[in-house]
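A quick write-up on the structure given underneath.
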Amino acid sequence: MGDKTDPAAIRAKATPRPHWPDAPRPPHGAPNILVVLFDDVGFSDFGCYGSPIATPTIDAIAARGLRYSGFHTTAMCSTTRAALLTGRNHHSVGMGCLANFDSGLPGYRGKISRAAATLPEMLRGHGYRNYMVGKWHVTPLTETGPSGPFDGWPLGRGFDRFYGFMDAETDQYAPELVRDNTPIEPPGTFESGYHLTADLVDQTIRYIADHLADAPTTPWLAWLAFGACHAPHQAPASLIRSHDALFAHGWDFERAQRLERQKAMGLVPPDTVLPPRNDHVRAWDEHGPDEQRLFTRLQSAFAAMLAHADQQLARLMAFLEEAGVADDTLVLVLSDNGASQEGGPLGMVNAMGPYNFRPELMPEKIARIDDIGGPDTHSNFPHGWAMASNTPLRRYKQNTHGGGIRDPLVISWPARLRARGEVRHQFAHACDLVPTLLDLLDLAPPASVAGVAQMPLEGVSFAASLADAQAPPRAKAQYFEMFGHRGLWRDGWKAVAFHPPGKSFDADVWELYHLEQDFAEVRDLAAERPDILKALVDAWWVEADRHAVLPLDDRFGPRFAENAARFHGPRRRFVFHRGMGHLPTDVAPDVRSRSYRIEAEARLDAGDQGVLIAHGDATCGYSLFVRDGHLVHDMNVGGAHVVVTSTARLTPGPHSLGVAVRARPEGGRRIVLLVDGQAAGAVETPLAFVNFVSWSGLDIGRDRGSPVADYAAPFAFTGHLKRVTVTMDDDQALDGDGLAQAELARQ
């Protein structure tokens, strides 16, 4: 009898193990890939594209590689991200407009189709590990709650890890963070020096460092999507103030300076001229000294946010060098669309008031000039500075003229790309990114993913131009559409139509530009070459039909209102139990433009205090809390606080503590505090949450982020909170146009 402890005998008697297939192997020599995606940064905002803003890190990446002058996006963030991730046109994959609504039509579902695999889903099958950090915004916001569904979240679309935010924007000091599939609290506060941009870079370094510790020979994809420079423009105060002198000369002089630098850099032809100022932008000298000082500070906040992001990116690039992987990392730095027009002609210090029909008058803005960029502001710069960001192009984000869709793209791969500091002028589009990367990796797109047959890629690889400045131009036409604005590029020509909302599409005026000779779209050749214009417009309709663009829909407000009504349906009652985590704003009770009642069941001991329920942040929202023995409700509408305090002190013991907010026939609200069902204090106000509560979400028992009211967050409730119930009346009457403006500013 053999030794029962003999390893050979044990192996001989062991049941054979099933043969597991080998793990996917990456292609030989596959590089790491780092995508750095900025938000709402215009064509000229990087230093290496003509800006005086200090971006030495991005400039150094460009010096080790290439800049593209003909890279195009889709005019909005969700749509560009969908195209970048999938290699298909955004309508084709269901992201015709925004992730904020689902119109029911194939091109407008607000979610990427399963038939359109993302880049990480493609690379996963070849052994890559995939890390997503930052802004996602390609799944419906009504699906970002604690129950998902999670199939459209980053981990459901091919990424192995995620740290970032799901919405179009977030507060940089108190962000709505998610790790993998779970909401988490920020690891710091404004007071402790926290800023989201630095945190995102920290997490990117962490993911790559962990990867190198565990799988150093396996390639990785890191997708770093900054919140910068989407509003709110928030950055360290000293950095903001340091930019004032740089921009005191105003947007007209700034545009001219940037264009001259672009010519010297070879980014634009030497005969490029500036187009006239965009509609409703006045000459800088027509504004008074106080307005100029305000506008300069708002621009300084934008510039500081970008400079701060570049400083953080420097840490990531230094880490790659120290880790010995910089040379074999393919780096792409780009923006998702042109600079934003959502700041309006005069800019905003706190946009939340105007979105709720509370005007932000010029004296108020000027009085708050030193608050700009801080935790209680939601600032955005005026049209004139957005126009300067997009130099030398016309119009802005949302539009299909150059200012909305022509963006910077910097590419570096020291181990493979011989070009250093060169410029490429070939046309390229966001949907070309995936085909280009697959081409460089010598990979074919998968025919099916997770059992779902895949639609073909629609983008065109521009890999040849990386090595050859004379590589043939893109042979395939490219259409554009956003909110009814339309365009088509083919063979160096562009037809484009600006669409006034609510007007007949048949009344739109198509313009024609020969971009090969007219970079800035200044010389409209429609009258001279009607034959070319007709051919391009006819081609646009063919492309629109092919890619699920039709039917055209320019409705702003109705689409947002319909989506909210469809999601919430007949539900009018929300019950939040003790132990609940954070609830994103789009799945929280929709108390806009309606009457509602909040009731908290709580037990108090002497001295107990804290927040019962809070939705929002320091810029806008509401909070019901106990302080100094009294029940308090604060309705914060764009920084204007409507506060009511109970007339009598609360006694120890169990209580129902609540508030009833009633719509008044003449407008505004009557707010009544309730203690055990009885009125305990009231106030009337002309203010209300007409179109918007907050981008920040809801908590019970605490106010986790930037505080709604005048207490220090989180001001956790020290008593025993059993549950909070929110009951809404069926009297909601949303203002479509106002809602549209608030939601569009969010994108």
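The values are calculated or read from the model by the stated rules, or taken from the named source; none is laboratory data. As the structure is a computational prediction, the values presented were derived from the model and not from experiment. As a convention, Cβ positions derive from the backbone with ideal geometry for all residues, glycine included, and neighbour counts pool all protein chains shown. With ligands, DNA and RNA removed, areas are computed over all heavy atoms of the protein, side chains included. Shrake-Rupley method; radii C 1.70, N 1.55, O 1.52, S 1.80 Å.
The modelled label-to-label distance for the pair A679/D730, using points 7 Å beyond Cα in the direction of Cβ, is 2.6 nm. Assuming charge only on the beta carbon of Lys and Arg (+1) and of Asp and Glu (-1), the dipole of segment 413-511 about its Cα centre is about 240 debye to the nearest 20. In a reduced charge model with +1 at each Lys and Arg Cβ and -1 at each Asp and Glu Cβ, segment 629-702 shows a dipole moment near 60 debye about its Cα centre. For the chain, the residue among V410, G266, M352 whose Cα projects farthest onto the positive side of the dipole built from Cβ charges is V410. In this structure, the amide hydrogen of G719, modeled 1.01 Å from its nitrogen in the peptide plane, lies closer than 5 angstrom to those of Q609, counting only residues at least 5 positions away or on a different chain. A Förster radius of 25 Å, combined with the Cβ-Cβ distance separating D180 from R566, puts the computed FRET efficiency at roughly 0.30. Using r as the Cβ-Cβ distance of E516 and E666, and R0 as 51 Å, what FRET efficiency do you calculate, to the nearest 0.05? With a Förster radius of 51 Å, E is 0.30.
Backbone phi angles across segment 714-728, fed through the Karplus curve with coefficients 6.51, -1.76 and 1.60 (θ = phi - 60°), yield HN-Hα couplings of x, 6, 5, 6, 8, x, 9, 9, 8, 7, 10, 10, 10, 10, 10 Hz in residue order; Gly and Pro are listed as x. For the pair segment 127-177 and segment 488-529, the centres of their Cα atoms are 37 angstrom apart. Rounded to the nearest Å, what's the spacing between the alpha carbon centres of segment 649-695 and segment 558-633? Just the number, please. What the calculation gives is 12 Å, centre to centre. What the Kirkwood sum gives for segment 238-347 is a hydrodynamic radius of 16.9 Å, with every pair of different alpha carbons counted.
In terms of overall dimensions, the C-alpha atoms belonging to segment 349-469 reach 59, 42, 28 Å along their principal axes, ordered largest to smallest. Dipole of the chain computed with +1 at Lys/Arg Cβ and -1 at Asp/Glu Cβ about the Cα centre; of A116, G384, G610, farthest Cα towards the positive end is A116.
Per-residue extension of 0.36 nm, minus the Cα-Cα distance of R546 and D628, leaves a gain of 23.1 nm for this segment. Quote the FRET efficiency, to the nearest 0.05, computed for V273 versus D468 with a Förster distance R0 of 25 Å and r equal to the Cβ-Cβ distance. That gives a FRET efficiency of 0.25.
Put simply, the amide H of H485, placed in the peptide plane, has neighbours under 5 Å in H499, leaving out anything fewer than 5 places away on its chain. Report, to two decimal places, the Cα Rg of segment 598-690 normalised by 2.2 N^0.38 Å (N = number of residues). The value comes to 1.05. Cα convex hull, segment 450-507: 160 Å³ per residue, rounded to a whole number. In segment 614-631, whose amide N lies under 13 Å from the spot 7 Å out along Cα-to-Cβ of A716? List them in ranges. Under 13 Å, as judged by backbone N against the label point of A716, lies no residue of segment 614-631. Label positions at M265 and R418, each projected 7 Å from the Cα along the C-beta direction, are separated by 2.5 nm. Applied to segment 636-641, the Karplus parametrisation 6.51 cos²θ - 1.76 cosθ + 1.60 on θ = phi - 60° returns per-residue 3J(HN,Hα) values of 9, 10, x, x, 8, 9 Hz, with x for Gly and Pro. If Lys and Arg each add +1 and Asp and Glu each add -1, what is the summed charge of the other residues whose beta carbon sits under 11 Å from the beta carbon of A209? My count for the surroundings of A209 gives -3. Stretching I369 away from D244 to a fully extended chain increases their span by 43.8 nm, per 0.36 nm per residue minus the current alpha-carbon distance. Using a cut-off of 13 Å between beta-carbons, work out the net charge of the residues near D508 (Lys and Arg +1, Asp and Glu -1, D508 not included). Once all neighbours under 13 Å are counted, the net charge is -2. In terms of the mean number of neighbouring beta-carbon atoms within 10 Å, the peptides 586-593, 81-88 order highest first as 81-88, 586-593. Among 157-166, 535-544, the peptide with the highest mean count of other Cβ atoms within 10 Å heads the list, and the full ranking is 157-166, 535-544.
Placing unit charges on the Cβ atoms only, positive for Lys and Arg and negative for Asp and Glu, gives the chain a dipole magnitude near 1320 debye about its Cα centre.
Within the accessible surface of the chain, defined with a 1.4 Å probe on protein heavy atoms only, the carbon and sulfur portion equals 54 percent. Taken as Cα centroids, segment 362-432 and segment 24-89 sit 12 Å apart, rounded to the nearest whole angstrom. Modelled spin labels at S192 and R578, positioned 7 Å past Cα toward Cβ, are 2.6 nm from each other.
Selection among Y131, L141, L105 by position relative to the dipole of segment 102-153 gives Y131 as farthest towards the positive end (Cβ unit charges, Cα centre). Near the amide H of G373, within less than 5 Å, lie the amide hydrogens of S379, all on another chain or at least 5 residues away, with H placed in the peptide plane.
The alpha carbon convex hull volume per residue for segment 129-187 rounds to 73 Å³.
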